[in-house]
Amino acid sequence: MVTRNESATGAPGAPDIDVVVVGAGFAGLYLLYRLRGLGFPTKVIESADDVGGTWYWNRYPGARCDIESIDYSYSFDPELETEWQWSERYATQPEILRYLGHVADKHALRRDIEFSTRVEAARWDGGASLWRLRTDRGDEIRCRFYVMASGCLSLPKALDIEGADRFAGEAYYTSRWPHRSVDFSGKRVAVIGTGSSAIQSIPIIAQQAAELTVFQRTPNFSRPAKNGPVSAAKKAAFDANPRAYREAARMSGAGVPREVPMVRALQVSAAERLAKYEEAYESGDLLALSGTFTDIGANPEANETVCEFLRGKIRSIVRDPETAEALCPKNHFYGTKRPCIDTNYFETFNLPHVRLVDLRKDPIRTITEKGIDTASRSFEFDAIVFATGFDAMTGAIVAVDIEGRDGVALARKWADGPKQYLGLMTSGFPNFFTITGPGSPSVLSNMVVSIEQHVDWVSACLVHMREQHLTTIEPTPTAEVGWVQHVNDFADITLFPRANSWYMGANVPGKARVFLPYVGGVDRYRKTCAEVVSRGYLGFAFDGPGGARCSDGVIRRVQPDVAIVLEAIEELGVPALDTLSVENARALTVVMAAERPPGPQVGEVVDAALPGAAGPLAYRLYRPTGAGPHPIVVYFHGGGWVLGGRDSDDPFCRDLCVRSGAILVSVDSRHAPESRFPAAVDDGFAAVRWIAAHAEALGGRPGQLAVCGWSAGGNIAAVVCQLARDAGGPRIAGQVLVTPVTDCDLTRESYVANGEGYGLTASLTRWFWDHYADPADRRRPKASPLRAADLSNLPPALVVTCEFDPLRDEGAAYAAALAAAGVDARHLPCRGQMHTSLPSVDVIRSAAAARAEIGTALRRFFGVSTPAAIES
Ligand code: FAD
Ligand code: NAP
């Protein structure tokens, strides 16, 4: 029992204890060990009557881990690694429970755990700067710090099937399995659900039951676990250097050491893909299939190749074709609902006494006294097993009536989805921590690795507060909003949000649909948490005798895929272009372009030449599918007037062609320094005139011509519009200027803020200008269109700028100047993007929405309002 009111001071209103931790699973046990060692009086409250958490409650037949036990184990106590030997690759529930019991015994943890006690409410007492917790025993405990180590998957989902309490036979819940042995021999048994718990238990229940009927709403991807003794290779890899092995796990994406794929699934032949999938399938490793190629988690087409591979396996195992087909997942992408590994799951459906009821065809109407009624028939059972899952990630937390500052209820604050900073804390709730809370890698990782990292972070934070004489800590609203945005941004570049999964809260009726964990990976997340600390606990506000302090801000502002690209460039050691000769810079851009995804298919691609201002210019024409004639967009590539060509922007042109439904004509122009200002713009104008004059021959619709350009190509497009206006034609229906160069003033704020670290640097911009134009020429409107005396009567414009681009401010200035001159001009600022984001089709997926807006703008220029048929 907790000894109450025995605080160090004994003063009224003083805490009973420093820290209360809720939960005695992997998280609570380690937290208790760590905090005790650091000298913080700590109590754990646990509703079960012993330690174990998940492994205490989930005692269903077949329960075992799906991350190999060598990995799914504590690293904080190296002695444990030698004194505890796992008997199987994937240990059973009893063995994992014994392990946790052993840890509790070894470190005498039970003496500070109050079992069979549920925390029901927690209220922040701002006056005394402490939490008042109320338990189901009616006790109040006052503590300075309150930590929910209450588990991501600990609160069973409330049953949402009509009549569930009416059944007169035996009812079992996988998540609350009895402690006695359950014998299904000779019985007619139903299992509802086909998630991980069901997939593990079904083959074993089938061995006992006289009849087994599986009620399936959503088929799941599963493959053989290939369980057995711990493999010699795995053990050798661990034993060779356990500390290095653990460190590799911490610095991996999922908390298990592994090689990172470098190749896209759609980049290799079907045979090569298949070979990789076979190898992953045979490995029995849960994470292996997702780790075969880089694009499985993000690209629907790539993911579908895995789905079809696995469906093929199901069809080859299950003999009855109708049952096999019903067991084939078809409504979600692989990995977007947690996949499973099993022992004889699909084989079980070949047994004569096992049948599958496909609830998509024949839904459950009600549970009756005798069994289950579906829409078309009545079933009678002796026992029903509910393997229906959990109110995941937030359920156990908001099940406690938690009230923060100013009486705000956490459940109300989180009604539209959890708002957390780093998955660790939430604003308005001082000194309240969650272990593996929403917005942290948690369930998308080896949980033990993520738990240890959170516990270490929280412990270090408490030490910091003690040393600095600080009483309270709380995240700032700015930091919290920024983190929630980042979590969503990351999810949005993956396929995860497309599934009705518990990751999305979709399994619980009425729960907000928000992607709950952080998909950025354990390594990235860990570095972020460390950076927060190294930047003076960025985004946290402290108060106490040591003084109030807050280093406010947002830890991650660039889009996640932008960050990934920048990291890759740094890792590859790609030299800065402005340190190279022009020749080598051109060669490097060609090499890098060869590695990109190709962009979408278009109807036809034609390479040809047209007469420029001083000789022929190569162009590439992209024709949409479908009967013409089509409007025409003349496109000017980027590359600072020095680099690039038809090939450099090829994926972007394809994308624009599909999105706009127009013919794209990507025209080369003479390059600097060989042909300096105004060669590029003279060529651009010559090309537009020629294309306008030959629109019909090109398959275009006469009179429907727009221009578009990226970067220096945006400069050419803008200048061409001014030249066409001044020359009285050709008529241009609209201009799309994507992160354009509009002025030669390189001192704007965006050059200062974004001049380094975001791909295009201030120094490279200067290099381009130096090659292109003399200082006097740069100020002419033909080089700096923003300086034109008259910007009226120009075509309607869409000007796209990116937040982390040196050119951001001049683009915004041009959009504003056009609008001020009466032009129908729209400015599209892209949050978190960099200069090269828009053309990086299928690489920077977060820019897809902006690409879609460009397509819509082009269609609008041509008077078309139907949306483009493109997925992302
Ligand atoms: P838990 O183990 O869930 O412990 C939380 C404890 O808090 C529970 O005992 C609960 O009773 C207690 N509690 C909650 N609320 C209160 C309250 N208000 N008052 C008092 N006590 C409370 N993860 C992996 O990485 N690999 C795996 O192979 C794996 N297998 C899994 C298998 C199953 C069947 C399940 C359900 C989950 C699995 N997980 C796995 C996820 C697993 O939950 C975590 O790995 C890990 O065990 C979580 O530990 P925890 O201490 O954070 O939470
Ligand atoms: P789950 O994955 O959420 O599966 C629940 C199953 O019940 C789903 O098939 C679901 O169908 C079905 N269901 C829920 N409500 C239903 C209803 N009203 N009518 C019909 N069917 C209904 O839950 P779980 O299997 O317990 O697993 C939860 C998580 O725990 C796993 O994803 C995993 O992270 C962890 N776990 C791991 C292991 C392991 O192998 N180590 C084992 C068990 C659990 P829908 O899909 O249509 O909602």
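Which of Ala821, Thr476, Trp124 sits farthest toward the positive end of the charge dipole of the chain, with +1 on the Cβ of Lys and Arg and -1 on the Cβ of Asp and Glu?
Ala821
Roughly how big is segment 230-339's charge dipole about its Cα centre, with Cβ charges of +1 (Lys, Arg) and -1 (Asp, Glu), in debye to the nearest 20?
The calculated dipole for segment 230-339 is roughly 420 debye.
Using alpha-carbon pairs under 8 Å, 6+ residues apart, how would you state the relative contact order of the chain in percent?
10
Of Arg180, Arg243, how do they rank once you tally other Cβ atoms within 10 Å and put the fewest first? Let's see the in-between values first.
Working: Arg180 7, Arg243 10.
Fewest-to-most Cβ neighbours within 10 Å comes out as Arg180, Arg243.
How far apart, in nm, are two points set 7 Å out from the Cα along the Cα-to-Cβ line at Val481 and at Lys330?
Using points 7 Å along Cα→Cβ, the separation is 4.5 nm.
Output wanted: per-residue J couplings in Hz (rounded whole) for segment 419-428, from phi through Karplus 6.51 cos²θ - 1.76 cosθ + 1.60, θ = phi - 60°, x for Gly and Pro.
Calculated HN-Hα couplings, in order: 10, 9, 9, 6, x, 10, 8, 9, 5, x Hz.
Compute the FRET efficiency between Arg780 and Ala618 as 1/(1 + (r/R0)^6), taking r as their Cβ-Cβ distance and R0 = 25 Å, and round to the nearest 0.05.
0.40
At a Förster radius of 25 Å, what calculated FRET efficiency corresponds to the Cβ-Cβ distance of Val182 and Glu162, to the nearest 0.05?
The calculated FRET efficiency here is 0.50.
Enter the angle in degrees (range 0 to 90, nearest 10) between the Cα long axis of helix 582-593 and the first principal axis of the Cα atoms of the chain, meaning the one along which they spread out most.
That works out to roughly 40 degrees.
Taking a ≥ b ≥ c as the square roots of the Cα gyration tensor eigenvalues, with a/c under 1.5 meaning rounded and otherwise prolate when a/b beats b/c, else oblate, which class fits segment 377-463? Show your work: numbers first, answer last.
Numbers: a/c = 3.14, a/b = 1.63, b/c = 1.92.
Oblate.
About the Cα centre, and with charges only on the beta carbon of Lys, Arg (+1) and Asp, Glu (-1), how big is the dipole of segment 713-872? Nearest 20 debye, please.
Charge dipole of segment 713-872: 400 debye, to the nearest 20.
Using the Cα gyration tensor of segment 277-412, with a ≥ b ≥ c the square roots of its eigenvalues, what is the shape: rounded (a/c below 1.5), prolate (a/b larger than b/c) or oblate (neither)?
oblate
Taking the beta-carbon count within 10 Å as an exposure proxy, list Met465, Met425 from fewest neighbours to most.
Details: Met465 20, Met425 24.
Taking fewest neighbouring Cβ atoms as first place, the list is Met465, Met425.
Based only on other Cβ atoms within 10 Å, what is the fewest-to-most ordering of Cys143, Cys328, Cys653, Cys461?
So the ranking, lowest neighbour count to highest, is Cys328, Cys461, Cys143, Cys653.
Taking the Cα centre of segment 87-235 as the origin and placing charges on Cβ (Lys, Arg +1; Asp, Glu -1), which of Leu155, Pro94, Gln208 is farthest toward the positive end of the dipole?
In segment 87-235, that residue is Pro94.
Subtract the Cα-Cα distance of Ala375 and Val463 from 0.36 nm times their separation in residues, and report this length gain in nm to one decimal.
Full-extension gain reported as 25.7 nm.
Cross-link list Lys106/Lys234; Lys157/Lys330; Lys43/Lys106; Lys187/Lys370: which exceed 20 angstrom alpha carbon to alpha carbon?
Going by Cα-Cα distance, Lys106/Lys234; Lys157/Lys330 fall outside the 20 Å limit.
Classify the chain as rounded, prolate or oblate from the Cα gyration tensor: take a ≥ b ≥ c as the square roots of its eigenvalues, call it rounded if a/c is under 1.5, otherwise prolate when a/b beats b/c and oblate if not.
prolate
Quick check on the chain: of the DSSP beta bridges with both residues there, what percent are antiparallel, nearest 5%?
40
To the nearest 10 degrees, how steep is helix 270-283 against the longest Cα principal axis of the chain, on a 0 to 90 scale?
Result, in degrees: 20.
How large is the charge dipole for the chain, taken about the Cα centre, if only the Cβ atoms of Lys, Arg (+1) and Asp, Glu (-1) carry charge, to the nearest 20 debye? Mind dumping the intermediate values first?
On the way: 91 positive and 103 negative charges, 229 e Å.
Result for the chain is approximately 1100 debye, rounded to the nearest 20.
If you fit an axis through the alpha-carbon atoms of helix 447-467 and take the longest principal axis of the Cα set of the chain, what angle between them do you get, 0 to 90°, nearest 10?
Roughly 90 degrees, rounded to the nearest 10.
Bear in mind these aren't lab numbers, they're just calculated from the coordinates by the rules spelled out. None of these values were measured; they are calculated from a predicted model. Cβ sites come from the backbone with ideal geometry, for glycine too, and all protein chains shown count toward neighbours.
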